[in-house]
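The values are calculated or read from the model by the stated rules, or taken from the named source; none is laboratory data. Computed from a predicted structure; not experimentally measured. Please note: Cβ atoms are built from the backbone with ideal geometry, for glycine as well, and neighbour counts cover all protein chains shown.
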Amino acid sequence: MSRSLVFAYPGDLSLKTGGYGYDRKVIEGLKQIGWEVELLGLGDGFPAPSDTTLDRAGESLSALPEGSLVVMDGLAFGVLEGFALKEAERLRMVALVHHPLALETGLTEEEQRRFRESERKALSAARHVIVTSPMTARELVANYDVGASHITVALPGTEKASTVPPQNSVPNILSVGTLSRRKGHDVLLSALKQVEDLHWKATIVGSKTLDPATSNALADQVDRLELGQRVELAGEVEEPRTYFAKADIFALASRYEGYGMVFAEALSHGLPIVACHAGAVPEVVPEEAGFLVPVDDVDAFSAALRRLLSDPEERSAKAEGARRAGAILPDWAETAKIISNALDKIS
């Protein structure tokens, strides 16, 4: 039986972010199990596109044949409520929500209210909703009026990795995440300053172009803290997995995560983790694999780093816990199968 869908996405699908990475892997996985997938770009600027971009996106979607199965990334779907409500009966729309738009760091109360209202309206028009974590599912049920039976949780897959410890004489701390305010790299840098008496080097991998203001502020912070000889802002890289393979510790001070694919990647590489008790992170990182501290608590973050850096036995124990947790994570074939099964049931 031929199965086909339109995958609608905002921006540049090739960008090295967790959300776009998930989209690419799901598209690839669905194709491998027999789905015909047509890609439909919706334009740049989401979730705050220009009126022109918004209108063109709606027109492109409305031009699809009646009955089309449309899977749309939530970064766009959440602000296309006008289109969604208008086409609810004609198109079979499925929203892919990485995390609700209103939960992005740095929004004003008015922006939060506007995103929450538009996304709630858009989701009311969806035939089904796919989310990347149980926490996001609970959030949509509690605050977005989405019925639990209309939600499928499809955890991101993780590629299995060698967990042979690197042979670094100086511990290598790795952080991976777009240089945006939500990722909390400013907290990490301040925490690293507090442990500068110890031996370590750090690499922060992540796009510098999506949030230039934050990227520039972080570069200034590195200079101000005089950490330029020990911290590298590597920018977007072609293959982040090579950095995981060479690291001793993974540290990311995210203020919110809808899932946190990089934490799963760190687990698969057997890296002890320092992170924040934020969003879905506690559902991904077990206590045996690292330390979770309060959001924006520089002192607690630096204390956790100090424990791992100064106590090799502690670091080894947490690394073993990470290896065990990483070994049971789903792979991308499982993720695609879960989504495929949900799509098969949509009428």
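Some points to look at:
- Residue among Pro156, Pro166 that alone is assigned to a loop (DSSP other than H, G, I, E, B) and crowded, with 17+ Cβ neighbours inside 10 Å: Pro156
- Failed item, numbered, when Val141 is tested on (1) free of Cβ contacts under 8 Å to residues at least 40 places away in the same chain; (2) within 24 Å of Lys25 (Cα to Cα): (2)
- Filter pass, Thr136 being more than 22 Å from Gly321 (Cα to Cα), part of a strand (DSSP E or B) and in contact with a strand residue (DSSP E or B) (Cβ under 7 Å, 6 or more places away or on another chain): no
- Out of Thr178, Thr209, Thr152, one residue alone is under 20 Å from the mean Cα position of the chain (by Cα), of a type in the set (Ser, Thr, Tyr) and not assigned by TED's automatic domain parsing to the domain that holds Asp311. It is Thr152.
- The single condition among (1) over 19 Å from the mean Cα position of the chain (by Cα); (2) crowded, with 23+ Cβ neighbours inside 10 Å; (3) among the small types (Gly, Ala, Ser); (4) not in a helix (DSSP H, G or I) that Ala95 does not meet is (1).
- Of the numbered criteria (1) surrounded by fewer than 17 Cβ atoms within 10 Å (Cβ to Cβ); (2) modelled with pLDDT of 95 or more; (3) farther than 29 Å from Thr132 by Cα, the one Glu288 fails is (3).
- Scan of region 43-81 for residues that are assigned to a helix (DSSP H, G or I) and surrounded by fewer than 16 Cβ atoms within 10 Å (Cβ to Cβ), ordered by number: Asp51, Thr52, Asp55, Arg56, Glu59, Ser62
- Among (1) more than 22 Å from Leu188 (Cβ to Cβ); (2) free of Cβ contacts under 8 Å to residues at least 24 places away in the same chain; (3) not acidic (Asp, Glu), the one test that His277 misses: (1)
- Note on region 301-330: residues that are outside any helix (DSSP H, G or I) and at pLDDT 95 or above amount to 1.
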